[in-house]
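Below is one structure, written out as structure tokens, with a few remarks after it.
The values are calculated or read from the model by the stated rules, or taken from the named source; none is laboratory data. The structure displayed is predicted, hence computed values, not measured ones. As a convention, Cβ positions derive from the backbone with ideal geometry for all residues, glycine included, and neighbour counts pool all protein chains shown.
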Amino acid sequence: MSSSPKQINRVNEAAPAPPGFAQRYAVLLVLVLIGTATTGYFIGLTSPMTASSGQPSPTSVAVHLAEPAHATSKVIPATAYADMSAVRAQRFRQQGLPLAALRKQPEDPFAEIEIDESKKLDSLASREEIRAYNGAPPTVPHPIDQLDTAACMACHGEGLKSASLRASKMPHPYYSNCTQCHVEQQANFVFASAVFENSFTGLKAPTSGSRAYTGAPPVIPHSTWMRNDCLSCHGRVAAPGMQSTHPWRANCLQCHGESSQLNQDKFEEIPQFLAVPVLLDINE
């Protein structure tokens, strides 16, 4: 019995697709994508790369050496990643000598050091500007972009001095958190709105130490707490007018006495010495 063409078409339209047809096409598509990606990866590895000259573009240098953009600026030019290392190195070259060249060099121990009284007073006035009161930890006069201790010790571990900048040596023992006491002068802090008044008044900064007699070594006019290294303020890297005339001496306290009042070593009663022993005559 023969079937008509219409019946054959109906049978073909109703016949389902072979099993696994969609899965085979999906696997084939994934294989094509993997092959294309692998081919592109190896072509990129074998293609020649343009060698960098190591010199930043003039635009990048001008952007980094210029003053910071004002707050009203809407667009801040960005430096290309390829130029960042070269720009950073050129900034250090233009700012001055590297840290290794600023290390403390051997000094002539017989070189005469003259103390200028006017420079000394100027240095004392500058010293007060970076302290809340006399004896307070000094504030940091520059931005802090690295909060680890190694960044501070790079300059303040031994003290550095250039033609225009000076980093004093750390006078106290090593501590692992410098910013716990030393804060930035112009930091972007969010201050509390409440202000608590107090009657605290710091000690007045001295200008010199008293002497027992003319020509005697002066008494230390400040406390010695957290000031274990006298050369940090009175050594070769000291501020103008604050240098010692004999920085090669190893024991400052041998001649310069401490102030018991400034060190807060106060006694309720004045200590009395033992009475002079009475010598008895054995003949009596």
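Scanning segment 192-199 for residues that are more than 30 Å from the chain's Cα centre (by Cα), free of Cβ contacts under 8 Å to residues at least 60 places away in the same chain, surrounded by 11 or more Cβ atoms within 10 Å (Cβ to Cβ) and part of a loop (DSSP other than H, G, I, E, B) turns up nothing.
The rows are residues; the columns are (1) modelled with pLDDT of 70 or more; (2) surrounded by 11 or more Cβ atoms within 10 Å (Cβ to Cβ); (3) of a type in the set (S, T, N, Q).
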{"position": "203", "(1), (2), (3)": "yes, yes, no"}
{"position": "208", "(1), (2), (3)": "yes, yes, yes"}
{"position": "227", "(1), (2), (3)": "yes, yes, no"}
{"position": "269", "(1), (2), (3)": "no, no, no"}
{"position": "280", "(1), (2), (3)": "no, no, no"}
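For residues in segment 120-164 being of a type in the set (A, V, I, L, M, F, W, C) and part of a loop (DSSP other than H, G, I, E, B), which is nearest to residue 243 (Cα to Cα)? Steps first, answer last, please.
First, pick out the residues of segment 120-164 that are of a type in the set (A, V, I, L, M, F, W, C): 121, 124-125, 130, 132, 136, 140, 144, 147, 150-155, 160, 163.
Filter once more, keeping what is part of a loop (DSSP other than H, G, I, E, B): 130, 132, 136, 144, 147, 163.
Numbers: 130: 19, 132: 24, 136: 21, 144: 28, 147: 31, 163: 17 Å.
That would be 163.
Tell me, which residue of segment 178-191 that is surrounded by 11 or more Cβ atoms within 10 Å (Cβ to Cβ) and polar (S, T, N, Q) is farthest from residue 252 (Cα to Cα)? Lay out the reasoning, then the answer.
Quick first cut of segment 178-191, residues surrounded by 11 or more Cβ atoms within 10 Å (Cβ to Cβ) only: 178-179, 181-185, 187.
When the remaining residues are screened for being polar (S, T, N, Q), the result is 179, 185.
Details: 179: 29, 185: 32 Å.
Filtering first and then ranking leaves 185.
Residue 204 satisfies every condition listed in (1) touching a residue at least 60 places away in the same chain (Cβ under 8 Å); (2) under 30 Å from residue 112 (Cα atoms); (3) not polar (S, T, N, Q) except (2).
So which of 135, 157 ends up being under 26 Å from residue 252 (Cα atoms), of a type in the set (Gly, Ala, Ser), touching a residue at least 24 places away in the same chain (Cβ under 8 Å) and surrounded by 13 or more Cβ atoms within 10 Å (Cβ to Cβ)?
Working: 157 fails: touching a residue at least 24 places away in the same chain (Cβ under 8 Å).
Going through 135, 157 in turn, the sole match is 135.
Within segment 168-225, take every residue that is of a type in the set (Val, Ile, Thr) and in contact with a His (Cβ under 8 Å, 6 or more places away or on another chain) and give me the one that is nearest to residue 135 (Cα to Cα). Steps first, please.
Of segment 168-225, the ones of a type in the set (Val, Ile, Thr) are 179, 183, 190, 195, 201, 207, 214, 219-220, 224.
With in contact with a His (Cβ under 8 Å, 6 or more places away or on another chain) added as a condition, the list becomes 219-220.
On the way: 219: 17, 220: 13 Å.
That would be 220.
Considering only residues of segment 231-249 that are closer than 16 Å to residue 155 by Cα and aliphatic (A, V, I, L, M), which is modelled with the lowest pLDDT? So the residue we want is 237.
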